[in-house]
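Asks: Pasting a structure below so you can have a look.
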């Protein structure tokens, strides 16, 4: 099953994240299928860039978002 989730990037104590589609069995920073955007919680306000069309396409194909990504997608208006 495919999940839309975050992978951690950045150096120690300076994280930023990619929003990716990955197999749920893959490790957090392991193999992924597609990159949908990026998220930086350290900026004020937070930086969140997501490709709406590709995200909706993956959701229609059955990919389910993680809890954190679900909150971010609701914030962006992609999910209700």
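Asks: What value, in deg cm²/dmol to 500, does the helix sum -39500 (n - 2.57) over DSSP H runs of n ≥ 4 give at 222 nm once divided by the residues of the chain?
Replies: Rounded to the nearest 500, the figure is -7000 deg cm²/dmol.
Asks: I would also like to ask the following. Quick check on the exposure proxy: order 12, 74, 61 from fewest to most C-beta atoms within 10 angstrom.
Replies: 12, 61, 74
Asks: Further, regarding this structure: With each pseudo-label sitting 7 Å past Cα toward Cβ, what's the residue 42-residue 26 distance in nm, one decimal?
Replies: Placing both labels 7 Å along Cα→Cβ, they lie 2.4 nm apart.
Asks: Something else: Using the 10 angstrom Cβ neighbour count as an exposure proxy, how do 55, 47 rank, fewest first?
Replies: 47, 55
Asks: Kindly state, to the nearest 0.05, the FRET efficiency for residue 33 paired with residue 80, given R0 = 22 Å and r defined as their beta-carbon distance.
Replies: For R0 = 22 Å, the calculated efficiency reads 0.35.
Asks: Considering only DSSP beta bridges whose two residues both sit in the chain, what percent are antiparallel, to the nearest 5?
Replies: Roughly 90 percent of the DSSP beta bridges within the chain come out antiparallel.
Values in this text are rule-based calculations from the coordinates and carry no lab data. This is a predicted model, so every value here is computed, not measured. A quick note on method: Cβ atoms are made from the backbone with ideal geometry, for glycine too, and the neighbour counts reach across all protein chains shown.
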